[in-house]
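Below you'll find the structure, written out as structure tokens, and then a few comments.
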Amino acid sequence: MTVIGRCIRVLFPMLLAGVVFCIIVAPVAGADEAQAAEEFYNRISGNPNFEKFPNGEQFCWHAASGIHTFVEMYEATGDRAWLDQGVRYYDFLVDRLAEGPDGYKGFIGPYIYDNNYWCDVHVGDAILWRGILEFSALVLADSGPCGQIRRQSP
């Protein structure tokens, strides 16, 4: 067998597999991304620890778990469903902000070491705002001239 014949024999199945993937698997995977993103949102926003710690620093630590996943999955898949669910989650978090005695809003609640005192612990604020700002920076960097995300859902 010639070199060209061996190359065709080796490369043709890989080419065929690539075509099959693009035609059959990729559209299904894209449809699954929307469902996966929504399921992840439901899981992270339904954290059972939120019942025990509905506010304050403990809430922040539990809420921060997975906060970067929306950005990471959008970067990995290019599917806007992850951004849409990220917005839902960040809205969920912002709804928990409360105004402190100084007039500024924060994730105010019982102090982690002494429940007799309520405060906004800056570490709690920082770990949640970091995730929200990371998302905002990605959207601004990935937006076109009209503010639309350049990548589209498959």
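Counting only residues that are closer than 20 Å to N115 by Cβ, at pLDDT below 95 and surrounded by 14 or more Cβ atoms within 10 Å (Cβ to Cβ), how many does the stretch 25-58 have?
Summing the residues that are closer than 20 Å to N115 by Cβ, at pLDDT below 95 and surrounded by 14 or more Cβ atoms within 10 Å (Cβ to Cβ) in the stretch 25-58 gives 5.
Applying the selection to the stretch 96-154, what residues are at pLDDT 85 or above, part of a loop (DSSP other than H, G, I, E, B), touching an Asp or Glu at 6+ places or on another chain (Cβ under 6 Å) and among the small types (G, A, S)?
Within the stretch 96-154, just G100 meets the criteria.
Would you confirm, using the coordinates I've provided, whether A64 is at pLDDT 95 or above and among the aliphatic types (A, V, I, L, M)? It would help to see each step written out before you state the result.
Details: at pLDDT 95 or above: yes; among the aliphatic types (A, V, I, L, M): yes.
So A64 fits the description; yes.
Can you name the condition, by its number, that G86 falls short on among (1) surrounded by 19 or more Cβ atoms within 10 Å (Cβ to Cβ); (2) at pLDDT below 95; (3) of a type in the set (G, A, S); (4) out of contact with any Gly (no Cβ under 8 Å at 6 or more places or on another chain)?
Here G86 meets the rest and fails (2).
Return the pair list, or none, for Cβ contacts closer than 8 Å from residues in the stretch 100-116 that are among the acidic types (D, E) to residues that are surrounded by fewer than 17 Cβ atoms within 10 Å (Cβ to Cβ), at least 6 apart or on different chains.
Taking only residues 6 or more apart or on different chains, not a single pair turns up.
For the stretch 52-77, give me each residue that is part of a loop (DSSP other than H, G, I, E, B) and either more than 12 Å from the chain's Cα centre (by Cα) or free of Cβ contacts under 8 Å to residues at least 12 places away in the same chain (or both).
Within the stretch 52-77, the subset part of a loop (DSSP other than H, G, I, E, B) is 53-55, 65-68.
Selection gives F53, P54, N55.
The values are calculated or read from the model by the stated rules, or taken from the named source; none is laboratory data. Every value quoted in this text rests on a predicted model; they were computed, and no experiment measured them. Neighbour counts run over all protein chains shown; Cβ positions are idealised from the backbone, glycine included.
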